[in-house]
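Accompanying notes for the structure given below.
The values are calculated or read from the model by the stated rules, or taken from the named source; none is laboratory data. Source: prediction; values computed, not measured. Counting neighbours? That spans all protein chains shown, and the Cβs are built from the backbone with ideal geometry, glycine included.
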Amino acid sequence: MKRILVVDDDPLVSMSIRLTLEREGFETVSADGGEIGLLALEDTRFDVMIVDIFMPQMRGFESVRAFHQRRPRVPLIAISGYTFAQFTAPAPDFLRMVIELGATSCLRKPFSAAALIAAVRECLADTQAPQTLMTDD
């Protein structure tokens, strides 16, 4: 059974993600913040990490960077529902930026159960794809 770490400080979001994934046969472990999520990585092997970008104590890109550095081979799906209060200024695309910091995929909250499952399955497929070696002939 594939194990997924869900790191989000919003208990309703975390519970919704967990229930969706568990209905699909995944084992989940929840952490209600970045520091607790990093501690979970010490004791348990995960196949995918789902990490909120904006959480207390570990804000912005720090969370994605920290999780990716701790487990660089584990696919990371960054999630965020952050919106700007002022709509007249162009907003930076945080989700696009996290790809450069190591995220494998990203989802903007609110996302559908189908989008979540598709992102997880895509991450798992990428890690299970056979690696080909380049040879000089």
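Conditions first: (1) at positive phi; (2) at pLDDT 90 or above. Residue 57 passes all but one, so which condition is the exception?
Result: residue 57 passes all but (2).
Can you tell me how many residues in segment 69-93 are of a type outside the set (D, E, K, R) and either at pLDDT 90 or above or in a helix (DSSP H, G or I) (or both)?
Result for segment 69-93: 8.
Condition first: modelled with pLDDT of 95 or more, closer than 24 Å to residue 99 by Cβ and part of a helix (DSSP H, G or I). Now tell me which residues in segment 17-36 satisfy that.
Of everything in segment 17-36, those that are modelled with pLDDT of 95 or more, closer than 24 Å to residue 99 by Cβ and part of a helix (DSSP H, G or I) turn out to be 17, 20, 21.
The conditions are (1) within 27 Å of residue 128 (Cβ to Cβ); (2) modelled with pLDDT of 90 or more, and residue 63 fails exactly one of them. Which is it?
Going through the list (1) within 27 Å of residue 128 (Cβ to Cβ); (2) modelled with pLDDT of 90 or more, residue 63 breaks only (2).
Output the number of residues of segment 12-37 satisfying the condition of being over 16 Å from residue 1 (Cβ atoms), charged (D, E, K, R) and surrounded by 18 or more Cβ atoms within 10 Å (Cβ to Cβ).
Of the residues in segment 12-37, 0 are over 16 Å from residue 1 (Cβ atoms), charged (D, E, K, R) and surrounded by 18 or more Cβ atoms within 10 Å (Cβ to Cβ).
When you scan segment 37-68, how many residues do you find that are in contact (Cβ under 8 Å) with a residue 24 or more places away in the chain, in a helix (DSSP H, G or I) and not basic (Lys, Arg)?
Count: 11.
Mind checking which residues of segment 109-137 are outside any helix (DSSP H, G or I) and at pLDDT below 80?
129, 130, 131, 132, 133, 134, 135, 136, 137
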